[in-house]
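Here's the structure, in structure tokens; my notes come after.
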Amino acid sequence: QNYLDNFWPDLKAAHELFDSILQARREREIESQENNGKEYPEHLPVEILEAGIKSGRYIQGTLNVNKHRAQLEAFVRLQGFGSKETG
């Protein structure tokens, strides 16, 4: 802010961009505080998820996303399934 004020006081576009970035940063900080520091809010309470996993209604695994086709290709790897273990 000081740099813009001192060296570019008439560059309106730069001041608007700075204000926009500052506002977005403030909004993100507020959202982070509201979500207890989590980037994304939880959709269901943990208790419901745990009960759903135990009952078989939900599954738990690791999300794998194709880094080259992230919008099109992803899958969930379930623990204990798809491993190369032989019995």
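The values are calculated or read from the model by the stated rules, or taken from the named source; none is laboratory data. Note that the structure is a prediction, hence the values are computed from the model and not measured. Please note: Cβ atoms are built from the backbone with ideal geometry, for glycine as well, and neighbour counts cover all protein chains shown.
Go through the stretch 6-63 residue by residue and tally those that are part of a loop (DSSP other than H, G, I, E, B), of a type in the set (S, T, N, Q) and within 22 Å of Ala74 (Cα to Cα). It would help to see each step written out before you state the result.
Initially, the stretch 6-63 is screened for residues part of a loop (DSSP other than H, G, I, E, B), giving 8-11, 35-45, 56-60.
Within this subset, residues satisfying the condition of being of a type in the set (S, T, N, Q) are 35-36, 60.
Now restrict to residues that are within 22 Å of Ala74 (Cα to Cα): 60.
Qualifying residue count, the stretch 6-63: 1.
Of the residues that sit in the stretch 1-45 and are of a type in the set (Ser, Thr, Tyr) and closer than 30 Å to Tyr58 by Cβ, which one is modelled with the lowest pLDDT? It comes out as Tyr40.
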